[in-house]
Amino acid sequence: MITKELINNTYHYYLFGKFLIHKRERNIEKEERRQRRKIHKELSKRKFNIDNSLTPDYIDNNAKYILVTISFNNPVIVDYQIKLIKKYIHGDYIHIICDNSNKKELAEKIRNVCLSNNISYIYINSKSCPNGFSDSHGIALNWVWENILKDKKKGFALLDHDIVPVCNQNIEEYFNKQDFWGQVRFKNYNNHKDIWSLWPGFAFFNFECVKNKNLNFKRYKRFGFIKVKGVDTGSANWNCLYSKYNIDKLDKCNRITWDIKNNCEYTEARTDNSEFNECVEYYNNRTWLHAINGSDWHYSNGKINLVYEILNKVLNQ
């Protein structure tokens, strides 16, 4: 005979069992991320040299602006970006690839992609060993700032290798908006004050506003040693740059998250992996597409192949 007590006991057992399954799944994901981080750190310790390849427009330094892509271990996505920028981006600029790859065979393939597309290739040869993927990106950006951009003295854009234009546009318009412009990221770190920064995968800076700044594209640390959880690459520029501006008075780039598996806008609260496994982002009224996780550093369940299909259609339309 089924009693109310038996039903209640079964219900509680089911909930408890479900909790254990979810907890076990979360632990597997955490361990998977930890292993990838460990491998990344070990590879980054093995320094190697790749010859730079500089085009005449880079050497002459006559262009008004410079677009800098930080690439990492994916020659296919870099090739798509170069071709799409050439197709859709107009204005007085040069585009260069600054490679942060930690696998020599992939770095060589990226260099070959640049050679075939007549784009300058510079390998980032920083002495610092990163502690994770975000830290690696920040170290690479700091190296580019110190070794390239300070000397070029040009307005510059910082681009991830997996962000591409999807329609015709003039890049000079982005520099005419204000001192800097791009995708803004917020973080409330002490319950009463927000820090914010431009995500340096889609950020545009006029050189005059930053030439005397001690820029630091790593993550923000309060007092230089206390970590602030949840902040992204580039947030360490809060003290020297962003804190001097009123965010409410600045023009900001809009963003929507798009579920490419179901072909609809993604409006639900994100899980830890949803953006890596299912989504891309569109910036600035859907004029740029950000693939998210273009180097597949976070397991993405084959999403990158869907991204390639989209980019191929955009390139050939």
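The values are calculated or read from the model by the stated rules, or taken from the named source; none is laboratory data. The model shown is predicted, which means the values in this text are computed figures rather than measured ones. Please note: Cβ atoms are built from the backbone with ideal geometry, for glycine as well, and neighbour counts cover all protein chains shown.
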Task: Residue under evaluation W238, criteria (1) at pLDDT 85 or above; (2) buried (at least 20 other Cβ atoms within 10 Å of the Cβ); (3) closer than 26 Å to V307 by Cβ; (4) of a type outside the set (S, T, Y), criterion not met - done: (3)
Task: Residues (buried (at least 23 other Cβ atoms within 10 Å of the Cβ) and farther than 23 Å from D92 by Cβ) located in segment 135-159 - done: S136, H137, G138, A140, L141
Task: Residue satisfying all of: in segment 40-63; at pLDDT 70 or above and part of a helix (DSSP H, G or I); farthest from N100 (Cα to Cα) among these - done: D60
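Being over 24 Å from Y80 (Cβ atoms) and either touching a strand residue (DSSP E or B) at 6+ places or on another chain (Cβ under 6 Å) or crowded, with 20+ Cβ neighbours inside 10 Å (or both) is the filter here; which residues of segment 100-134 pass it? Spell out the reasoning first.
Start the filter on segment 100-134 by keeping residues that are over 24 Å from Y80 (Cβ atoms), which leaves 125-132.
Hit for segment 100-134 is P130, nothing else.
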Open item on the list: Please go through segment 139-170 and give me each residue that is within 16 Å of A203 (Cα to Cα), charged (D, E, K, R) and out of contact with any helix residue (DSSP H, G or I) (no Cβ under 8 Å at 6 or more places or on another chain), ordered by number.
Closed with: D160
- [ ] Evaluate the following for V210: is it at pLDDT below 95 and among the β-branched types (V, I, T)?
- [x] no
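Applying the selection to segment 64-99, what residues are assigned to a helix (DSSP H, G or I) and surrounded by 18 or more Cβ atoms within 10 Å (Cβ to Cβ)? It would help to see each step written out before you state the result.
Step one: of segment 64-99, the residues assigned to a helix (DSSP H, G or I) are 75-88.
Once the filter is applied, which keeps residues that are assigned to a helix (DSSP H, G or I) and surrounded by 18 or more Cβ atoms within 10 Å (Cβ to Cβ), segment 64-99 yields P75, I77, V78, D79, Y80, Q81, I82, L84, I85, Y88.
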TODO: Considering (1) over 15 Å from W238 (Cα atoms); (2) surrounded by 18 or more Cβ atoms within 10 Å (Cβ to Cβ); (3) out of contact with any Cys (no Cβ under 9 Å at 6 or more places or on another chain), say which one F202 fails and leave the rest.
DONE: (3)
